[in-house]
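Every number in this text was worked out from the coordinates using simple rules, so none of it is lab data. This structure is a prediction, so every number in the text was calculated from the model and none was measured. Here the Cβ positions follow ideal geometry from the backbone for every residue, glycine too, while neighbour counts run over all protein chains shown.
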Amino acid sequence: MTATYDYSFQLEPPPLPEDKRHALVDDLYKQGFVEEGTGRFDLAAAYFDEIHKRQPNNPYVLLDLARVYFHLFEIERAKSVLQEATQRAGRDADFWYQIALAYQEAHLDAEAERCFLLARTHGAGNIALSAALIAYYESRGKLKQAKAALERVERKGVSNGMITGLKGIVLLRFGNRPAAIEALKACLTELPERNLYQVNARYALARALAENGQEAASLEYLREAKARQEVRPEVQRHLQINQAVMKFRAEARTAIEATDIRADWRAEHGTDKRPLVFLLGYPRSGTTLLEQVVESHSSIRSFEETDAFIQASHKLFGRPLVAEEKPWDVINKANSATLDRARDWYFEYLKRLGAPSEPSTMLIDKNPGLTGHAHIISRLFPEAKFLVMLRDPRDICLSAYQTQVVITPFSVNWLHWPNTVKHCVHILEHWVALRDRLPNPYLEVRYEDLITDLPQTGRRVMEFLGLEWEPQQEDFAQHARSKQVYSPTLYEVRQGLTQQARGKWRRFGLDYIAGEPGLTSLLERYGYEIDHKKTGEAAAISETTDTNAKSSVKFEESSSSITTS
């Protein structure tokens with residue numbers, strides 16, 4: 001690794017397997033999608049590239065190629081492919097929409113917005129394309145643009161259930177909860193029963209009802225949304241993968257607890273000292289809040305939940321991790337050259353995502369999904385620091401359960417309440433068991449301390465990182481509004497500090513303890529008060545009836561409205 005960390009690695013798709021070289025195009029497509037779905041993006045690129053060679057006039061394969069190139073961090077190559085796609089799009093509104101989705105997935109927001117607008121323009125009268133633009137603006141925190149796009153549709157006098165639902169979501173973002181609830185309920189009756197947006201609308205309605213103090217009704221809509229997702233075919237497959245991962249993680253923990261590996265791992269690493277920090281913690285524990293606080297510092301560059309570490313670790317394992325593998329056995333067989341190569345790829349990926357070459361800039365990899373892989377991170381980067389966000393596990397579980405689920409082997413645990421609690425406890429217990437066995441310096445930061453006394457807690461964090469606290473860090477919300485945040489907590493973090501989410505678990509009457517005694521030990525370990533009356537089966541929740549539920553539907557900015565970029 002050089003002093004300036006200047007790499008020039010390039011992907012060359014592997015050759016197709018012999019038995020696939022003369023396969024039909026339909027079979028190549030199927031295999032490409034299979035490889036993409038299992039994370040073998042280099043093989044997926046090989047299949048889609050072969051299709052492109054055979055069908056050079058097929059513009060849709062360009063979208064598939066671009067998508068896997070983005071996953072492989074071949075950013076410039078992916079952009080080039082999409083540029084070729086735009087030259088072929090003409091006035092095909094659906095194709096412009098597909099290009100926009102590719103850009104959106106890659107977080108290239110200016111290009112995505114331009115293509116969404118072109119899709120709407122060329123698809124004049126296509127209300128679904130107008131809805132896609134509104135949803136895009138809302139997801140990026142651009143409420144003024146979302147409102148304008150919504151009003152444009154309404155002026156034309158056309159609407160459908162999806163537009164009504166989006167109107168409810170935008171109203172909620174502007175703080176008009178009664179009108180939002182009214183619109184979202186109307187959306188459910190206007191949409192066909194089997195329409196996919198029925199799930200989105202129920203999640204949004206659950207959020208609106210929870211904010212309005214109607215916790216019992218909120219839980220009912222949450223359960224309905226999740227029940228509609230449980231029937232998807234990938235759910236059982238993801239549950240099986242997750243069970244295997246939890247088993248292998250426990251085996252690795254047992255192996256690490258049996259030996260002292262800290263000195264050996266550090267000795268293997270060599271001389272690279274680039275300041276690197278992994279920001280971990282179970283999702284919804286406040287990692288986005290802490291990320292914005294630390295990244296407000298002038299000498300820190302943060303990266304938000306990228307696949308950089310996962311893709312770099314693929315270089316080490318030779319292929320993506322699947323249920324049949326024991327990753328701990330594989331990583332311990334790796335030689336130092338292979339370890340170095342995986343580290344090099346990791347920094348190369350961050351560079352492609354915008355990491356400065358100057359070694360003085362501290363890099364923060366914020367990814368709570370990696371907390372269960374802390375031992376693998378440590379094996380590759382024993383010198384890296386760990387910032388670990390803590391929060392009352394009961395608030396974490398509730399917040400995770402309330403989050404709209406895009407089904408993955410991780411988030412599939414949030415479809416059922418008992419699984420949510422079990423998985424959260426599993427990850428946190430894994431961290432507690434390893435934290436003093438790994439060579440990495442670590443600092444645990446309590447969410448409750450951060451929102452109660454930001455300056456004092458922030459200074460403690462910066463001292464751990466070896467940097468001085470800077471005045472602008474106290475105004476982290478301004479920093480969050482000046483950049484694009486992709487976390488589901490985008491709107492919350494732009495508001496600044498709030499006490500509203502603290503202890504909210506008490507209001508919902510969910511059972512946290514039954515079948516999961518490990519939660520009690522976590523509460524005791526971290527000093528959270530155990531209220532057995534509230535932690536077990538809580539008393540019935542009385543719903544709040546809002547006398548203004550029939551108020552007129554207006555976009556009124558309340559004191560809790562969001563400042564948008």
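Here is how the numbers come out for the structure above:
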quantity	calculated
Size of charge dipole - segment 234-501 - debye, nearest 20, with Cβ of Lys, Arg +1 and Asp, Glu -1, no other charges	540
Packing-based ranking, highest mean first, of 390-397, 335-342, 280-287 given that Cβ atoms within 10 Å are counted	280-287, 390-397, 335-342
Euclidean distance of C-alpha centroids, segment 38-104 and segment 400-423, integer Å	31
Too-long pairs where the Cα-Cα distance tops 19 Å, listed order kept, from Lys226/Lys247; Lys185/Lys226; Lys79/Lys351; Lys142/Lys226; Lys247/Lys422	Lys226/Lys247; Lys142/Lys226
Cα centroid separation - segment 445-460 against segment 152-183, whole Å	37
Potential lengthening between Asp531 and Asp436 on full extension [0.36 nm per residue; Cα-Cα distance subtracted]	31.3 nm
Inter-label distance for Arg507 and Val158, nm, one decimal - labels placed 7 Å from Cα along Cα-to-Cβ	4.0
Packing-based order for 346-355, 51-60, using average beta carbon neighbours within 10 Å, highest first	346-355, 51-60
Nitroxide proxy distance, nm - points 7 Å out along Cα→Cβ at Gln495 and Gln243	3.9
Length-normalised contact order of segment 116-178 in % [C-alpha pairs under 8 Å, at least 6 apart]	29
Net lengthening on full extension, Ala514/Leu443 (0.36 nm per residue, minus Cα-Cα)	22.5 nm
Peptide ranges 85-92, 151-158 listed from the most packed, as the mean C-beta count within 10 angstrom indicates	85-92, 151-158
Mean separation of Cα contacts under 8 Å, 6 or more apart, over the residue count of segment 234-501: relative contact order %	30
Label point distance in nm, Thr38-Ala337, each placed 7 Å from Cα along Cα→Cβ	2.8
Pairwise FRET efficiency - Ala124 versus Ala148, Cβ, R0 = 30 Å, nearest 0.05	0.95
Three-way shape label, segment 234-501, alpha-carbon gyration tensor, a/c 1.5	oblate
Cβ-Cβ FRET estimate between Asn58 and Asn419, R0 fixed at 51 Å, reported to 0.05	0.75
